[in-house]
Amino acid sequence: MAAADSGPARAVAGPPEEHPPGYVGKLPLSLKAGWGVGSMGCLGMLFIVNVFVLYFLVNHLGVDPALAGLILFITRIYDVFSDPMIGFLSDTTRSRWGRRRPWMALGAFMSGLALILTFNVPALASMNALAIYQLIVLIAYFTGYTLFYVPFMAMPAEMTDDYNERTSIMAWRVGYSNFAGILIGAGMPALINYLGADRRAYGIVAILVGILIAATMMTTVLLTRRARELPSSQQDRYSIADYFRALANNRPFLTLAALKATLYLGVGVNGSALLFYMTYFLERGEGGVALSTLAGNLAGLCTVPLWAHFSRGKDKRWVYMVAIVGSGAMLISWAFATPTEGDVVFVIRSCLVGIFGAGGLTIGFSMLPDTIEYDRIRTGKVRTALYTGVLGFVEKTGFALGPLLMGFYFSATGLVETTLGAVEQPDSAITAIVNGKAWIPATLQALALFWLVSYRLTEKQLADMRGAPGASDAPAGARD
C-alpha cells in the first residue's frame, strides 16, 4: 500500500496533486476556506427558491397558488433526475482542470444569469406564456445549481480521509452558509423592503444577488485548484448496474438518504410558508424575514465552531440528535407566536433556530463523506460524485414536494393570489400558513429521528476497515 502523505498539495503548476486513497491528514486553512466559500452561492440559491419564488409568483405575478406550486414541482423534478447524471459526468470527466472544476465554472455562470431572469419577467400576453417562461428559466436555474453543487460536494471526500477533519471542512461550509444567510437571506428581503417590496424591487435585488452568487461560486473554482483528487487509475467507469448495486450495498448511505429526505421535505414546506407566515400571520412582511434570518445566521455562525468541537471524538449520530430535537422544538414555538410579540422574543427564538440549525448542518454534512469512504474501502472504487448526486436527488425531491404540497394546500384553503403584494386572507388560509411554518415540519423532524437511530457508521468502524488487510490498496474494481 502506498505510504500516506500527511501534508498539503505542493504549490506547483499543473493539475491537482494526487494522493493515495489512504491519505489522512490536516488540510491547510486556505483550502478549506476556499472550498467553503462556494456554499454562499449554494445557500443563496436554495434560500431564494425556497422562500421567495412561490411568494413572488402568487403575490406579485398573480399566479394561482396551485399552479405556482406545480411550476416549482415540475422544474425541481427535472432537477432531481439531472443530479445522478451530473454526478456520473463529474466522476468520469478527464481534463487539464480536473474532473470537478469545469462543471462548477459552467454552473456558476448559469446560476447567476438564471436568478436574474427569474425575477425580471418581461411583459407576457397570457398566464400560459408566463408559466412557460418560468418553467424554462427555473430549469436553467436548477441546472446551474446542480452543475456546481454535485461536483462541489464530491470534493471533501477526496480532500482527506480523516473522520474529524471532514467535520472541520463542513464547519467551514456551514460558517459560510450562515454568512450567506446574513448577506443574502437577511440582506435581500431588507433591500426589497427598502425599495418598496414591489415587483420592480425584486427585479433590482435579483440582479445584485445573481452577480454575487456567480462570484462566490467562481471563487471556489479558482481557490480549489490544488485540492486533492484521487489518482486517475482509481476513476472507475461504472455501469448502471454497478450504480444501483453500489447504492443497495451501502446501508449507511441509504439510512442517511432517508433521514435527509425527511428533513428536506420539512425544509421545503417551511420555506414555502415562511414569507406568507411573516406577511399574513405575524404582519412583519419581508422585514420580518430579514430580521429573523439575520439573527438566526449570526447565532449559527458563532456556534459552528462549538458544534464541530463538541462532536470531535463522539458518535456523530447523538450530536445530530440534539440538533434535530432542538430544531423541532423551535419550529413548534412559531405556532404560539403572535403579531404583538416584541422584537426581543422574536430575535431570541430566531437565534435558537439558527443555533440548532447550524448543528444539524455541520454534523449532517460531515456524515456524507463517511458513507462515501465506506463504499471506497469496501469496493476499491471511487464513486464520490455518484453519492453526492444521489443525495442531491433526495434533497431536491424533498424541496420539490414542499412547494407543491403547500401550493395545493394554500389553494384548497382559499388563499387569495394577487399582483398587489398582500391582500386580506381567510382564516382557513392563515391556519394552513401556520401549519406549514410550524406543525408539519416539526412532525417531519420527529420522524427523522427514527432514521437517525438506525444509522450505525462510526469513526471506529471506519478506522477498523482501513486497517483490514487489503482494504485500501486493492485496485479499482477489485471488490464489489
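The values are calculated or read from the model by the stated rules, or taken from the named source; none is laboratory data. As the structure is a computational prediction, the values presented were derived from the model and not from experiment. Glycine also receives a Cβ, built like all others from the backbone with ideal geometry; neighbour counts cover every protein chain displayed.
If you go through region 421-440 one residue at a time, do you hit one that is buried (at least 17 other Cβ atoms within 10 Å of the Cβ), β-branched (V, I, T), closer than 26 Å to T255 by Cβ and modelled with pLDDT of 90 or more? Yes, some residue in region 421-440 is buried (at least 17 other Cβ atoms within 10 Å of the Cβ), β-branched (V, I, T), closer than 26 Å to T255 by Cβ and modelled with pLDDT of 90 or more. Just one of (1) crowded, with 22+ Cβ neighbours inside 10 Å; (2) among the aliphatic types (A, V, I, L, M); (3) farther than 20 Å from S30 by Cβ fails for V174. It is (3). Applying the condition of being surrounded by 14 or more Cβ atoms within 10 Å (Cβ to Cβ) and either closer than 14 Å to Y320 by Cα or not hydrophobic (A, V, I, L, M, F, W, C) (or both) to region 462-480 and asking which residue is modelled with the highest pLDDT yields R466.
Per this entry, A114 is counted among residues that are under 25 Å from L275 (Cα atoms) and touching a residue at least 24 places away in the same chain (Cβ under 8 Å). Could you tell me whether any residue of region 291-309 is outside any helix (DSSP H, G or I) and on the phi < 0 side of the Ramachandran plot? No, region 291-309 contains no residue that is outside any helix (DSSP H, G or I) and on the phi < 0 side of the Ramachandran plot. Within region 239-265, the set of residues being among the basic types (K, R) and over 20 Å from the mean Cα position of the chain (by Cα) comprises R245, R251. Taken together, the residues in region 124-135 that are surrounded by 13 or more Cβ atoms within 10 Å (Cβ to Cβ) and assigned to a helix (DSSP H, G or I) amount to 7. Reported count of residues in region 10-42, each being hydroxyl-bearing (S, T, Y), over 16 Å from R100 (Cβ atoms) and at pLDDT 75 or above, is 1. In the set R199, R225, only one residue is of a type in the set (D, E, K, R), touching a Phe, Trp or Tyr at 6+ places or on another chain (Cβ under 9 Å) and modelled with pLDDT of 85 or more; that residue is R199.
Check whether at least one residue in region 325-340 is among the hydroxyl-bearing types (S, T, Y), in a loop (DSSP other than H, G, I, E, B) and over 19 Å from the mean Cα position of the chain (by Cα), and report yes or no. Checking region 325-340: at least one residue is among the hydroxyl-bearing types (S, T, Y), in a loop (DSSP other than H, G, I, E, B) and over 19 Å from the mean Cα position of the chain (by Cα).
Checked across region 123-146, the condition of being within 16 Å of G34 (Cβ to Cβ), modelled with pLDDT of 85 or more and not β-branched (V, I, T) holds for no residue. Can you name every residue in region 95-119 that is in a helix (DSSP H, G or I) and either in contact with a Leu (Cβ under 6 Å, 6 or more places away or on another chain) or not hydrophobic (A, V, I, L, M, F, W, C) (or both)? Within region 95-119, R101, P102, W103, L106, G107, S111, G112, T118 meet the criteria. If only residues of region 413-434 that are in contact (Cβ under 8 Å) with a residue 12 or more places away in the chain and in a helix (DSSP H, G or I) are counted, the one that is farthest from G402 (Cα to Cα) is S428. Taking first residues from region 247-268 that are within 13 Å of D370 (Cβ to Cβ) and partners that are buried (at least 21 other Cβ atoms within 10 Å of the Cβ) and acidic (D, E), the Cβ contacts under 6 Å between residues at least 6 apart in sequence or on separate chains come to N250/D375.
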